[in-house]
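A short write-up of the structure that comes next.
Each value in this text was obtained by applying a stated rule to the coordinates, not by laboratory testing. The structure displayed is predicted, hence computed values, not measured ones. Virtual Cβ from ideal backbone geometry, glycine too; neighbours counted across all protein chains shown.
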Amino acid sequence: MVLTHFEPEKEHSWDKLNTICEYEKDKATWDIVAHYNMLNEGYEILFYDDMNMQAFADNTLDYMNKEYGVEYTKTCYKISNMSVASAYAKKLHNLNSDYYKIIKSGFDIEKISNLLDQGFMVIVWVDLAKLNNRDSEEIEGHFIVVYDIDDEYVYFHDP
């Protein structure tokens, strides 16, 4: 578990992780919920994304439809609690913290490598179907932890 990397002296459990992510049975979690709760645990978070937190918080469905398309929005609505995500987006947007930065930028191997060199743990969202070479009509969002990169491979843990 990622938390053990930073807090090896503590015992971590799935229950704690579920609390941090505000997991609901049979629902996908949103990273921004975990961001907010990890900030309260004292972590620094750099969030590379082009998401407009204010627009997402103010009018979630319209924003999602415009930015990601109606079908993707329907899938997100069906498999997750978007109202929880919207509430946390508002909290994060209004947050004034040196420990949470949204970096509106693309994310590539060089940036991941630089963050690893600086001691950051890099958590990346991937499409699980593509990661496992499966054809799928729906996006299967999943997070992996990248822990090393060399000239040939990206090494990751799939928690």
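If amide hydrogens are placed 1.01 Å from N in the peptide plane, which non-local residues have theirs closer than 5 Å to the one on Gly141?
Leu128
In deg cm²/dmol, rounded to 500, what helix-only [θ] at 222 nm does the chain give when every DSSP H run of at least 4 residues adds -39500 (n - 2.57) and the total is split over its residues?
Here the helix-only value at 222 nm equals -12500 deg cm²/dmol.
Arrange the following residues from fewest to most other Cβ atoms within 10 Å of their Cβ: Trp30, Trp14.
Values: Trp30 21, Trp14 9.
Neighbour counts put them in this order, fewest first: Trp14, Trp30.
Taking amide H positions as placed 1.01 Å from N in the peptide plane, with prolines and chain starts having none, which residues 5 or more places from Phe156, or on another chain, fall under 5 Å of its amide H?
The answer is Tyr147.
Rounded to the nearest 5, what is the percent of antiparallel bridges among the DSSP beta bridges in the chain? Could the numbers behind the result be given before it?
Values: 10 of 15 bridges.
Roughly 65 percent of the beta bridges in the chain run antiparallel, per DSSP.
Picking from Ser113, Met51, Ala87, whose Cα lies most toward the positive end of the charge dipole for region 12-142 (charges on Cβ: Lys, Arg +1; Asp, Glu -1)?
Checking the options against the dipole of region 12-142, the answer is Ala87.
Modelled label-to-label distance, His5 and Tyr99, 7 Å Cα→beta-carbon offset: nm?
1.8
Can you tell me the FRET efficiency between Glu110 and Val84 if r is taken as the Cβ-Cβ distance and R0 is 35 Å, rounded to the nearest 0.05?
The formula returns an efficiency of 0.55 here.
Once fully extended, how much extra length lies between Glu24 and Asp50, figured as 0.36 nm per residue of separation less the alpha-carbon to alpha-carbon distance?
6.7 nm
Short version: ³J(HN,Hα) in whole Hz for each residue of region 94-106, in order, from phi by Karplus 6.51 cos²θ - 1.76 cosθ + 1.60 (θ = phi - 60°), x for Gly and Pro, what are they?
7, 6, 10, 9, 6, 9, 9, 10, 9, 10, 7, 7, x
Determine, for the chain, the count of lysine pairs separated by eight or more sequence positions (or lying on different chains) whose alpha-carbon distance falls under 17 Å.
9
Towards the positive end of the charge dipole of the chain, with charges on Cβ (+1 Lys, Arg; -1 Asp, Glu), say which of His5, Leu17, Leu131 has the farthest Cα.
In the chain, that residue is Leu17.
Compute the relative contact order of region 51-140 as a whole-number percentage, counting only Cα pairs closer than 8 Å that sit 6 or more residues apart in sequence.
The normalised contact order for region 51-140 reaches 26 percent.
Calculate one ³J(HN,Hα) per residue across region 145-156 by plugging θ = phi - 60° into the Karplus curve 6.51 cos²θ - 1.76 cosθ + 1.60, and present them in order as whole Hz with x for glycine and proline.
For region 145-156, the Karplus-derived couplings read 10, 8, 10, 6, 9, 10, 5, 10, 9, 10, 9, 9 Hz, x marking Gly and Pro.
Before anything else, pin down the relative contact order of the chain: Cα pairs under 8 Å, at least 6 apart, normalised by residue count, whole percent.
About 20 percent, as a whole number.
Any idea what the dipole of the chain comes to, in debye rounded to 20, about its Cα centre with Lys/Arg Cβ at +1 and Asp/Glu Cβ at -1?
That gives a dipole near 700 debye.
Of (1) 42; (2) 39; (3) 30, which one was derived for percent of Cα pairs over 26 Å apart from the structure shown?
Checked against the structure: label (3).
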